[in-house]
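Report on the structure given below.
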Amino acid sequence: MSEVRVPARGLVVLVGVSGSGKSTFAQAHFKPTEVVSSDFCRGLVADDVNDQSATPDAFDVLHYIVATRLRRGLLTVVDATNVQKASRAELVALAKRHDVLVDAIVLDVPEQVATERNAQRPDRDFGRHVVARQKRDLDRSLRRLGKEGFRRVHVLRGDEQITAAEIVRERPWNDRTDLHGPFDVIGDVHGCASELRTLLTDLGWTLRYDGAQAVGASHPEGRTAVFVGDLVDRGPDTPGVLRLVMGMVADGEALCVSGNHEAKLVRALRGSKVTVAHGLAESLEQFDGESNDFRKAALAFMDGLIAHYVLDDGRLVVAHAGLKEAYHGRSSGRVRAFALYGDTTGETDEYGLPVRYPWAQEYRGRATVVYGHTPVPRAEWVNNTICLDTGVVFGGELTALRYPEREIVSVPAEQEWYAPARPLAPVGDGREPLALSIDDVAGTRWLESPHAGKVKIPEENAAAALEIMSRFAVDPRWLVYLPPTMSPASTSRLDGYLEHPAQAFDEYAAWGVTHVVCEEKHMGSRAIAVLAQDEETAERRFGIGDGSTGAVYTRTGRPFLADTRPLVDRLREAASPLFASLETDWLALDGELLPWSAKAQDLITSQYASVGAAARHALPAVVSVLERTAGRGLDVARLTEHARRRLANAEAFSEAYAAYCRPTDGLDGITYAPFQVLAVEGRTLASTEPHPWHLAELGRLDAALITPTRHRLVALASPQERAAAVDWWQELTAGGGEGMVVKPAHHVEGRRVQPGLKVRGPEYLRIVYGPDYTDALDVLRDRNLGKKRQLALREHGLGLDALDGFVDGEPLWRVHQRVFAVLALESEPVDPRL
């Protein structure tokens, strides 16, 4: 018999051609309820297990069942051919999504054997070529299966190995549900060996010595010690703590989980480049005085520590930084990261330390969770969780929890061994930074905005915004800003124009603005780019620990691409001069993603192109009929002229939208045109720096991905500069450009002015108002801009408030109230053509 060891709570993927014996193997080794068969699912959706047309629906059902079982922590076996990488990848992704291990068992039988078996089954009516193709796929897959994310790949070749296989279910290393205690769970020790010996003695443990060194301990009542990690760093005797705990663990008297300080010390001892801070220097210095044998043993011990334990039939969970219920007993990188480091918001407190997500305040799990990591003045229960790090190394106490008695035992520190970076604070019951709740945004709400005044968000607007945010938006930790709507300039009375720069200049002059910036208005898609310089910054500042370093999203918070990482990486590289010149490790940019067709191709095809094509097809025929009618002596001159004019308008309409389309392939052909640096570390530049400064800073960028924003500064008191700006606008629009945006070049004290006025060219407006809009200018000029401008001011102010809040490290839920409000206001009934 040969053992095939599989995860007891994970996913097992059977791989083999039709006729290789997968179903027979599954039936012999697993419960019927543990096996999810593609044939069975095909029968569920089609009443015919051989109906290949039902395969897509069958696999939708299969994936749903697998996902549900994995979520519930049940061993699941997938019985399908799985000879193609794409099929396996979906299953590996499911396992990763549910933080479980996944193994593959390959049943590799000769092609002739599989073919003969299929021939003996009347329900298998496919030919030999199907098995041959599957065998080729399998042979190709065998070379790279080990690199596809499987924990182990078990290959059973031929009937002899398949028959001899014995399935052994391996419990996760963190599964010690068989241990029932009683336990003494001990908080962060941080090198305080003397205090640890005192605490163990007070708890009734008998210490074992080798000379003057404590090397073990036992309890007369058979209690088991459980250490929550962070044995090392900061304190006076890290080797002494390790020597004692290592002995207790080796004797079976204790368990220990890893803390973040052990993880960092392991990297340092291995020679990795780490920042020597937060007490690491003290540990390294103390290790220099130890023997090589001890250093090797300590390194092996710390390196072998797991992230968390599940004990007492699942009633007790111990993890260094705590663990939310969905991660209990799970095995993945993100589970380990949570257990070691907690879940940070990306914000920092007044002491420069990370603000952590208050998972304990929202915890509703059945298991008692005991943890440490963040020092508190005293151990207190919060929702069946308790933090035992009471800051002994900072002069506080070393604390233990007796379980199941729930008795807390503490001993005081002998002295302050290491100065804390901040005063110890309780877990508390107040609102913590990353607690996002529907109650923050639902219903009618009034917001007091420093930049926008008092803003009302009606309930119906909030509901519409919630639909978008909850279903389509990017990770909310990146969503620190949404751009405002923008009003056009007042209606022009000049012949042939609905909008003209003269009106924008006059309005700003009336508002007390002396200089304006005229920016080229790119015909693209509004795009906010939030970029972190590296993964460490993303985790520190935004609380994003999945390896991503930014997001690029639309004006409604939706990601531009299914996978934005390549675009983010290219933007980070392109923006690297800004990180240096602005002395920041993150930044937020406002700009346009070009071309328009990259995001709006479906809209162009279904709406604009169809209108243009229909008009260019129908109107020539109309003109032809009218010309023939005129040839018979009928007076249709006015009708003919009207038709010809409509044809010319249709051609101009088609040329207008075509100017904003260009082919793209992935990121090839896509560019980004930034026009404002919204915020960087410590500064909200959107509110502190004038627009010329932004354009000058962005002008430093010289990368193929970047499209510069052409602009010019205009003194409104100068007729010559006004005229030159009008000429420039006409050149832009005559060349196929959309127009320009006029913005104040300086801040105006004492009043709120429009943040920008768009002045669109006459040909571009055909896209907005229709091909024949120039025939109805008198009607269109009667448009009311009042509500649009009110929205623009309120949304602009709320956006600045959101940026200020994020820069100042306010809780994310407060930042999101303002971001959400911007989106909610977009539901106001306003003419969308404005």
Measure off 7 Å from each Cα along the Cα-to-Cβ vector at residue 28 and residue 55, then give the distance between these two points in nanometres to one decimal.
2.7 nm
For region 23-139, treating each Cα as an identical point scatterer without solvent, what Debye log10 I(q)/I(0) comes out at q = 0.11, 0.21 1/Å?
-0.39, -1.41
Provide, for q = 0.13, 0.24 Å⁻¹, the log10 of I(q)/I(0) from a solvent-free Debye sum over equal Cα point scatterers in region 3-90.
-0.40, -1.39
With R₀ set to 41 angstrom, the calculated FRET efficiency between the beta-carbons of residue 157 and residue 808, to the nearest 0.05, is 0.05
Per residue Cα convex hull volume in Å³ - calculated over the chain
222 Å³
Translational diffusion coefficient, Stokes-Einstein: compute it for region 160-298 using the Kirkwood radius over C-alpha pairs as Rh, at 25 °C and 0.890 mPa s, and state it as an integer in µm² s⁻¹.
148 µm²/s
Multiply the residue gap between residue 362 and residue 251 by 0.36 nm, knock off their C-alpha separation, and tell me the result in nm, one decimal place.
36.2 nm
Whole-percent carbon and sulfur share, accessible surface of the chain, 1.4 Å
49 percent
Given a Förster distance of 60 Å, report the FRET efficiency between residue 140 and residue 406 from their Cβ-Cβ distance, rounded to the nearest 0.05.
0.55
Simple spin-label model, 7 Å along Cα-to-Cβ: residue 300 to residue 121 in nm?
5.0 nm
Simple spin-label model, 7 Å along Cα-to-Cβ: residue 169 to residue 833 in nm?
6.8 nm
Does anything in region 210-244 have its amide N under 19 Å from the 7 Å Cα→Cβ label point of residue 293, and if so which residues?
210-216, 239-244
Expected sort for 285-293, 815-823, 567-575 on mean C-beta neighbours within 10 Å, highest first, is 815-823, 567-575, 285-293
CD proxy, 222 nm, the chain: helix-only mean residue ellipticity via -39,500 (n - 2.57) per DSSP H run with n ≥ 4, per residue, nearest 500, stands at -11500 deg cm²/dmol
For region 72-165, using Cα atoms only, the Rg and Dmax in Å read 14.6, 41
Residues of the chain: accessible area per residue with a 1.4 Å probe, Å²
44 Å²
Using heavy-atom solvent-accessible surface (probe 1.4 Å) with all chains present, what is the largest-first order of 478, 728, 381, 173?
173, 381, 728, 478
Share of antiparallel DSSP beta bridges in the chain, in percent to the nearest 5?
60 percent
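The values are calculated or read from the model by the stated rules, or taken from the named source; none is laboratory data. The model shown is predicted, which means the values in this text are computed figures rather than measured ones. Cβ atoms come from the backbone with ideal geometry, glycine included; neighbour counts cover every protein chain shown. Surface areas here come from the heavy atoms of the whole protein model, side chains and all, with no ligands, DNA or RNA. Shrake-Rupley method; radii C 1.70, N 1.55, O 1.52, S 1.80 Å.
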